[in-house]
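Quick notes on the structure that follows.
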Amino acid sequence: MNESPAITLDHVVKSYAAAGGTVVALDGVSLTFDAGTSVAVTGHSGCGKSTLLAVMGALEVPDSGRVRVAGQLLADMSASARARIRRADFGFIFQSDNLIPYLTAVENLAQQMALSGTAVDLSRCTEMLQRLGLSEHLHKLPDQLSGGQRQRVAMARALVHRPRYVLADEPTGSLDRASSLEAIEFLLAQQEETRATLVVVTHDPSVAARFATRVALSDGRIVAATTGHRPALNR
Amino acid sequence: MVGVTLGTGLLTGVLVFINASAATMTTRAIAPLPLDMQVVLTDPFGRRIALTEQVEAPDRLKAGQSATIELSVRNLTTQAAHEVVVADEPPAPLSYVNGSTAVNGRRIADVAGRSPLSQGLARTGLNVGTQLAASTLTITYEARANVDVDVKDLRLEGAVSSREEVTRIRANTPQPPTLRQLAERLREIPGIAWADELYMIDLAPRAVASGGVPLDGRVRLVGADPEYVKHYPSIDIVSGSFRSSGVIVSSETAHTLHLTTGQRISVSVPGLSKPISLPVTGIAVFSHAQQLFMSRKASKFEDFLYVPFTVIVPIELFTEGIVPAFRRASAVPGAGLKMAPLSEVDIQVERSKLNSSPGTALTQATAIAQSIREVSSDRVLLIDNISNALKVAADDESTGRKMFLFLGLPGVLVAIALVVFSANLQAESQRREHATMRLHGADRSMLIRMAALRTLIFAGCAALVGAALGFGAAELVLGRAAVLATPQRLIAISFLIAINANVIIVLMVLTGKQWQTSAREIGSERQELADAIRPVWHRRQLDLLLVFTATIGVGVEALVSPPERVSVSQGHAASLPLGLLVVPMAVWLGGTLAFGRVVHGIAAHHGEPGVARFGRLIRGSLVRSVQRRPWSVANAVVGIALVVAFAANLAAINSTYHRTKSADTRFALGSELRITPLGDDALTSEASLRKELESAGISALTPVTFSLENSILIGPYDQARTDLAAIDPPSFARTAAFSEAVFDRSADKALRLLARPGAAFISATRADDLSISVGDRVQVLLARGTKQQKLKTFDVVGLFDAFPGFPEGLDVVVNRSTYRSATALEGVDFFLARTPDRTPSGTAAIASRITRTAGDRYPLRVVTASAYLNKDQSSLTAVNVRGLVQMGLGFAIAIGIAAILMVVFLQLFQRRREYVALRAFGMSTSSLVALMLGESLVLIVVALAGGLAIGLVMARVFVIVLRPMFLVTPQFCVPIRFLVELSAGLVLATVAFAVAATALVIRPQAIAILRET
């Protein structure tokens, strides 16, 4: 296991302009995510979880503080450099699947591979989907799939190009409990296999319980961070 | 809002354009008129003889009772009246009592048992012989009532005539007013600006002299008030002024007699014992005074027959001296007077009151004419030039409205399509929002009310802005004066129609869409839609129906023989077949929709999932995006292609119309310049004039001998008076717009044939009338009615339908050398000239040079093609086709850009989640631009290709339908440069919008959308 820090946040502040004034989403957050670890970020709605993920994933730039990804300071990077690091090293999963509506399940994965700059390997795309139980749905368009199926395709897309970091923002928010757990198990299994850094934002305690490391946020600040043993995977 | 603004703008622009053009058409129609109306006294000497008739009887006659009818003939003049004829019949129900007629109390015999006042079948009257000056003759006869009758109900039929008073004068007719009285009555009529008396008489050569030197040419003597000269500025006084104490002479008169103001001339008038001596108070150029020289004869009506030696004298000289003198002279048998003085009142209508459409102006002018008839006697002739011009203009207005309708309608439909498109866009943007509101309990009526309210506010504001935009556009094209001169009521109606139409359309689309969507499942409304639904036109196969209609229309157009060509210079209205005007519309709409069907078919055919390889990122994504969203692609292509086709159609019509109109004008005029010598033959030597003209810089010149009915064409079975032109074939070929002539063979070959001695071309119409065929030998009486008339045999070498320089038609064309050798006539009626620079400014410069140089020595009338187009043609030239087309084109380009803007941003709007996701997943800015631009460019390029092709086909069909408006066959002209620029502009706009759309996607805050569920 590579224990060197993958992503570090140092006194990161991020605020947004809102109707009633400025909303501070992250208020001096300092965190270190070691490579190959899986972390759950928890907290109530509006506590800054998604903003934390956006800042970590080079989607947004903090107002102050420093964010380093694999030692590189994001503040020093141009927008295109940040885009480059995102497509090469990150896999994103959102609560909404955000699948490309005119591409089939397998093509959504293929597009992600093409985007990341790796050679498009349709057999890997197919295999990923098969492992998620979507063998029958490889060539279906997103609107021909159920919500759960679409979310599984979205997970496969986030992992298909073997990213170093997988960031998931409420990945199970639109799934039922059984499907949620199934999806989390899949993510954790993949993380274990690829040794990627997995950060999952969730407000679901049962999902968070599947992670050995958990960070709790409240009003943009870290209020708790626990590290323990991760429960055995439910394979 | 952009869609509604442009839609309202175009509709307002077209409507304002139509109404403002109608007023312009009126102005244009009446502008060239030298005189609005002329009231001509048919007997300028006044009535010489009068007849009164009365019945001497009780108020009521019983059946069988008799009455005495008394007729009194009075000679009103100081000369004897000769061959006085009195005619009368007893008024019904009275019958003549045989043998009861008496003249001055002396009984006379009946003729063939009938009244001597009603002899024979023709009911000719009684010739009572000569009646002495100022004497009265009384005729009486008895008549018996057949039934009871009131005497006041009897209609008396007596009439009198004499050798001097040829026209029968009915009994008890009041004395007609004098010219002065008539003018005074006419001035009282509302709507008449002025009514001026005018006398004219042509005197024999040598009638005018100065210092003992006579003018060796015909002299036109004009009697007018100084006010007349002020009212008609075409009388250009170059020296002195016109005073009631003296005369104005023409510059030619002054030049020939070496006159200056202050000198005197003597005028010899028939009937006066000695010449009148008059001081010259002014010298004027009359060559533009059309009202003095236009023919009043029906056979040469409105021909400009210039008389170089012209003198204007005070009107009192005419009324007190010249007219009485002529009256005296005319009473002398054998005096040989060829004409009586022309006595007329020249009327100018208040033109500001005619500032409306030709139809309305015609009604007003007709009302004025009716008032004139009411105050005039039956012994006047009203020449109503203005109503005639307005009648043609009213017909032209109808044609113009049809043209406007069909040139403007596609634009309005495009604008409506844009409005519908933008309304759909707005409905689309509200889809999720409304679905969420439904989720929280909002019902259908609530949502529809919300949509309607929002529409009224936004579309109403946009429509107001659009109406102002349209008004401004029409004003820009037509000019402020033309638009402001349009009745405010019509402008207000245009605004109301345009604003209401657009707001109602948006309202219908939005509420309809709301009705439709609220019927669907809430869940499905909250989903992202991969593709649009199949459009109505495809479900109803409207495209195929329209293409079928267009095909049938084009077929009919091809099969039906072309309509009779009517030149706009002929004073007739051109007519357009309304039914066929629908065909270009069907081509446009049907062609574009069918093109959309093809695009959809191609895209959908290749879009099935299951592709083995993905390909490169952009290409793989792009191809699938197009293939898997065939209706979205087809709809966008149809929308843009409609606009592009409309713009291409307008551009092609514009260039074709402009080119054909120029060719048409050149053909009607004959060439770039027509130079008409105004002087007598004695003043104009062809050789020296030719030299002058050639030195002015013209590149080719050809003389033409022509006048109306100057020949008699004698065919194998029949003959007719004909208009003959004698031309010089080689120089005519070099100079005239000959390539446009319509022959039964090539124009060049025709002229080669005509170069043979004794060769003649006959118009196809005349040949048909006289049963003449090519190869026949015909006889032609040349120079008919002159001392040089000569019968000559010609070989008919060809037929023609139209000949350059003779838009009103021509019957015979012969070689001028043959004509000259046969008649020994050397005169040239006009020259056609070609200029090296054929632009309007180049031609005008040479025309001006000719007027300055040659015009000093010879009175000339020089007309350029552009001046002919602007001034001498009918009101149809006021149908500012070019202006309308250019305005439509401007809006088409704006709508095209707006459509592209909408397509790009609709794409962004509908697919923002997809693009933001790709950006979040690391897609570079350049790849994102490439993807968004690629999708837009595919649409634009396909739409451009289809739209340009369909637009050109539409324009081609339009040009065929517009054929009757031209004299020459329109040559279809594709404005390649403009179309390339248009395409490049639209592509550039696409690139700019795609880049702007990308900038919105790559904003960091855009990723918030990815968290939305």
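Structure above, values below:
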| read-out | value |
| --- | --- |
| Rel. contact order, % - alpha carbon contacts under 8 angstrom, at least six apart, chain A | 27 |
| Residues with amide H under 5 Å from that of B:Val280, placed H, sequence gap 5 or more | B:Val247, B:Gly262, B:Gln263, B:Arg264, B:Ile265 |
| Relative contact order for chain B, counting Cα pairs under 8 Å that sit 6 or more residues apart, in percent | 15 |
| Chain lengthening between B:Gln788 and B:Arg168 when straightened (0.36 nm per residue, less Cα-Cα) | 219.4 nm |
| Angle in degrees between helix B:488-517 and the longest Cα principal axis of chain B, rounded to the nearest 10 | 30 |
| Estimated distance in nm for a label pair at B:Gln54 and B:Val111, the labels positioned 7 Å out from Cα along Cα-to-Cβ | 2.8 |
| Average beta-carbon neighbours from other chains, 10 Å sphere, peptide B:920-931 | 6 |
| Globularity index of the range A:52-191, i.e. its alpha-carbon radius of gyration over 2.2 N^0.38 Å | 1.07 |
| Peptide B:623-634, shielding by other chains (average Cβ, 10 Å cutoff) | 2 |
| Length added when fully stretched, B:Ser841-B:Ser821, from 0.36 nm per residue minus Cα-Cα | 3.3 nm |
| Cross-link reach list, aspartates and glutamates versus B:Lys274, counting only Cα pairs under 16 Å and skipping chain neighbours closer than eight places | B:Glu320 |
| In order through the range A:127-139: 3J(HN,Hα) via Karplus (6.51 cos²θ - 1.76 cosθ + 1.60), integer Hz, x for Gly, Pro | 5, 4, 5, 4, 5, 8, x, 10, 4, 7, 10, 4, 10 |
| Inter-chain shielding of B:910-918 (mean C-beta neighbours from other protein chains, 10 Å cut-off) | 4 |
| Taking only Cα atoms of the protein assembly as shown, radius of gyration then Dmax in Å | 46.6, 158 |
| About the Cα centre, charge dipole magnitude for chain B (Lys/Arg +1, Asp/Glu -1 at Cβ), debye | 3300 |
| Structure-based [θ]222 nm, chain B - -39500 (n - 2.57) summed over DSSP H runs of at least 4, per residue, nearest 500 | -15500 deg cm²/dmol |
| Angstrom value of the Kirkwood radius, inverse mean 1/r, which spans all Cα pairs in the range B:704-837 | 14.6 |
| Antiparallel bridges, percent of DSSP beta bridges restricted to chain A (to nearest 5) | 60 |
| Between helix B:444-478 and chain B: long-axis angle, C-alpha atoms, 0 to 90°, nearest 10 | 50 |
| Rounded FRET efficiency, nearest 0.05, which uses the C-beta distance separating B:Ala452 from B:Ser926 and R0 of 30 Å | 0.10 |
| Along each principal axis, Cα extent of the range B:244-298, largest first, Å | 35, 28, 23 |
| Rounded if a/c under 1.5, otherwise prolate or oblate - chain A, Cα gyration tensor axes | prolate |
| For the range B:1-89, diffusion coefficient by Stokes-Einstein and Kirkwood Rh (Cα), 4 °C, 1.567 mPa s, µm²/s | 62 |
| Spatial separation of Cα centroids for the range B:72-109 and the range B:192-261, in angstrom | 46 |
| Student exercise, chain A dipole from Lys, Arg, Asp, Glu Cβ charges, in Debye to nearest 20 | 260 |
| FRET efficiency estimate (nearest 0.05) - Cβ-Cβ, A:Glu136 to A:Arg177, R0 25 angstrom | 0.60 |
| Distance from the range A:120-166 to the range B:619-668 (C-alpha centre basis), Å | 43 |
| Within chain B, longest stretch clear of exposed chymotrypsin sites (Phe, Trp or Tyr not before Pro) (DSSP loop, no more than 12 other Cβ within 10 Å) | B:302-716 |
| Sequence of B:His440, B:His658, B:His258 once ranked by neighbouring C-beta atoms within 10 Å, starting from the fewest | B:His440, B:His258, B:His658 |
| GNM top mover of A:Lys14, A:Lys140, A:Lys49 - chain A, alpha-carbon springs below 10 Å | A:Lys140 |
| Over 32 Å between alpha carbons, listed pairs B:Lys402/B:Lys749; B:Lys661/B:Lys787; B:Lys353/B:Lys402; B:Lys391/B:Lys792 | B:Lys402/B:Lys749; B:Lys661/B:Lys787; B:Lys391/B:Lys792 |
| Computed E for B:Glu686/B:Ala984 - FRET, C-beta separation, R0 41 angstrom, nearest 0.05 | 0.15 |
| On Cα atoms only, tilt of A:147-159 relative to the major axis of chain A in degrees | 70 |
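Every read-out reported here was derived from the displayed coordinates using simple, explicitly stated rules and does not represent laboratory data. All values reported here derive from a predicted model rather than from experimental measurement. Ideal geometry is used to build each Cβ from the backbone, glycine not excepted, and the neighbour counts take in all protein chains shown.
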